[in-house]
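Reading through the structure tokens given below for one structure.
Any read-out appearing in this document is the output of simple, stated calculations on the displayed coordinates, not a laboratory observation. Bear in mind that the values here come from a model prediction, so they are computed numbers and not experimental data.
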Amino acid sequence: MTTSAVGRPRVPHFWPTLPEVASALLSLLPKRYRALFTPYAIPCEGAIVSGILQALLSFSILFRDYHAFVDLRMAQLPTDLLLKIAEKGGNPAIAAFGPMFIIEYLFRITTILFFSG
């Protein structure tokens, strides 16, 4: 463990400092516009933080309506079909609909994005 100038041990912190936040925001800009704000290169840490935040935001936007979609799809399935599946396979058989609904939901989103308009 390293020590500070006054001899106290430094405690690692997990909160981003101002240069890391600024580099995360600057990494969103194209290189030619970044030069207007700073002549220096963007540190890797800021670009990584920016990428993680962008991924979390896009996943949250993508799956914000997934629960309502699954409820609607489960309501469309016939009740007698679900009962027969539950009698033969139990809960794992019903849970097997989950991955199928995820695939259907992802194709539904891409279909809306690519063919709307």
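Across all Cα atoms of the stretch 20-67, the radius of gyration (one decimal) and Dmax (whole number) stand at 13.5, 46 Å.
Let me know the whole percent of all Cα-Cα pairs from the stretch 66-115 that are separated by more than 13 Å. Roughly 63 percent, once rounded to a whole number.
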